[in-house]
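J.: Here's a structure for you.
The values are calculated or read from the model by the stated rules, or taken from the named source; none is laboratory data. Here the structure is a predicted model, which is why all the values come from computation and not from measurement. Cβ placement follows ideal geometry from the backbone for every residue including glycine, while neighbour counts extend to all protein chains displayed. With ligands, DNA and RNA removed, areas are computed over all heavy atoms of the protein, side chains included. Shrake-Rupley method; radii C 1.70, N 1.55, O 1.52, S 1.80 Å.
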Amino acid sequence: MMAEERSAPGVPAAVLDPFRRAGGRALMLGHVHPDADVLGTLLALGLALEARGWSVTYGGPHPAPGVLAFLPGIERYGRLGEVTGAFEVAVTTDCPNPARTEGLIEHARRAARTIVNIDHHPDNRRYGDVNWIDPSAAATGEMVYDLLVALQLPITPAIAMNLFTAIHTDTGSFRYSNVTPKTFRIAGELVAAGAEPALVSERLYERRGSDALRCLGETLARVRVSEDGRLAWLALPAGAVPETFVESEELVNYPRSIASVRVAVLFREQQGQVKVSLRGKGDVDVREIAARFGGGGHPNAAGCTVPGPLDRAVGDVLGAVEGVLGGDHVVLAARAPER
Ligand code: AMP
Ligand code: MN
Ligand code: MN
């Protein structure tokens with residue numbers, strides 16, 4: 001968007017315009033392996049538009065993970081093979097790169113009059129007709145909250161639950177450095193509007209299957225720490241533990257939780273490829289490392305997908321991390337954490 005014309009509370013006017021009509025058809029388009037930030041924001045905006053007479057279609061390249069089945073309206077979201085019909089507006093949220101729709105954005109461009117791209121990733125490619133990118137937002141959930149307020153759309157308990165969960169997960173339960181006073185102000189408003197923090201925590205963290213702790217034990221035994229303690233990683237071969245287990249745990253947080261660690265990396269081998277999650281602490285910019293391998297993200301949380309086999313992916317990515325950390329041979333001198 002060229003002119004940053006502002007409307008209260010900080011939402012550009014060009015973002016508001018497509019939603020001002022009394023009704024219409026909207027497509028809420030998600031990114032690969034959808035998380036709570038993308039799903040919560042698409043559902044929140046979609047449900048609010050429906051209350052104003054819009055007809056809304058929700059979907060993306062992959063279905064919602066089971067752990068998020070509690071999000072109100074999630075049954076409306078599913079895998080989209082293609083986009084059919086005509087839409088006044090198609091919305092992407094939390095999606096920095098059009099490739100993360102696996103081609104659906106091209107369908108959406110043909111089907112929709114206006115593509116609205118709402119995101120908090122600093123490396124967003126600005127692929128929409130309207131682009132609203134705010135890297136100061138802890139989650140896209142904060143931005144969509146502001147959008148609903150600016151549009152005077154209702155914040156029902158269902159909408160509040162969706163936005164609260166989006167913010168809760170992208171801030172690691174309000175623990176990460178992206179949290180600001182505004183994050184808490186919005187979270188407070190959402191709780192006042194009917195979001196239930198205890199229910200969200202219970203659904204996200206206290207619904208493990210009976211086998212999950214055994215899987216966790218096996219997984220944590222694979223954590224490795226560099227000799228100097230600044231780098232820790234976890235490499236999971238394909239089939240080592242069930243996919244559903246990996247999806248419902250933020251496993252990269254375990255190597256990250258070691259005090260001396262500056263960079264933590266999770267490697268997941270799947271279908272010959274390796275999905276890499278990077279987390280940095282302080283001023284270490286892991287997005288820059290992910291970008292070298294064709295990925296992206298935030299300065300402190302980024303990811304990429306690299307070709308297998310697992311050992312080579314681990315060597316290549318840790319080599320790049322080593323370069324950024326400026327250590328000598330930290331990787332080759334790896335040791336298991338003390339017991
Ligand atoms: P994750 O490690 O999957 O939780 O992702 C952390 C951050 O990195 C998120 O903001 C993602 O959008 C971003 N990210 C993860 N994988 C990729 C990828 N392959 N390409 C671009 N960005 C990614
Ligand atoms: Mn996301
Ligand atoms: Mn996000």
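J.: Does Asn124 satisfy the criteria of being in contact with a Gly (Cβ under 7 Å, 6 or more places away or on another chain) and within 16 Å of Leu29 (Cβ to Cβ)?
T.: no
J.: Filtering region 116-126 down to residues that are of a type outside the set (S, T, N, Q) and crowded, with 23+ Cβ neighbours inside 10 Å, which residue is farthest from Ala290 (Cα to Cα)?
T.: Only one residue fits best here, namely Val116.
J.: Can you name the number of the only condition in (1) closer than 21 Å to Arg25 by Cα; (2) away from ligand 2 (no atom under 16 Å from the Cβ) that Val144 fails?
T.: Val144 satisfies every listed condition except (2).
J.: Let me ask something else. Could you please tell me which pairs satisfy a Cβ distance under 7 Å, a separation of 6+ or placement on different chains, a first residue in region 94-111 that is in contact (Cβ under 8 Å) with a residue 12 or more places away in the chain and closer than 20 Å to Thr41 by Cα, and a second residue that is away from ligand 1 (no atom under 16 Å from the Cβ) and of a type outside the set (D, E, K, R)?
T.: Close Cβ pairs (under 7 Å, with a partner that is away from ligand 1 (no atom under 16 Å from the Cβ) and of a type outside the set (D, E, K, R)) amount to Leu104/Leu80; Leu104/Val83; Ala108/Leu27; Ala108/Val83; Ala108/Ala90; Ala108/Ile115.
J.: Right, another one. Just name the residue that is farthest from ligand 1 (Cβ to nearest atom) out of those in region 249-277 that are within 17 Å of Arg287 (Cβ to Cβ) and of a type in the set (A, V, I, L, M, F, W, C).
T.: Checked region 249-277; the qualifying residue farthest from ligand 1 (Cβ to nearest atom) is Val263.
J.: Please find, among Thr183, Thr169, the residue that is within 16 Å of ligand 3 (Cβ to nearest atom), within 30 Å of Leu325 (Cβ to Cβ), open to solvent by less than 30 Å² (accessible area, probe 1.4 Å) and out of contact with any Gly (no Cβ under 7 Å at 6 or more places or on another chain).
T.: On the way: Thr169 fails: open to solvent by less than 30 Å² (accessible area, probe 1.4 Å).
Going through Thr183, Thr169 in turn, just one is within 16 Å of ligand 3 (Cβ to nearest atom), within 30 Å of Leu325 (Cβ to Cβ), open to solvent by less than 30 Å² (accessible area, probe 1.4 Å) and out of contact with any Gly (no Cβ under 7 Å at 6 or more places or on another chain): Thr183.
J.: Give me a count of the residues in region 30-64 that are open to solvent by less than 10 Å² (accessible area, probe 1.4 Å), more than 15 Å from ligand 3 (Cβ to nearest atom) and in contact (Cβ under 8 Å) with a residue 60 or more places away in the chain.
T.: Final tally of qualifying residues: 2.
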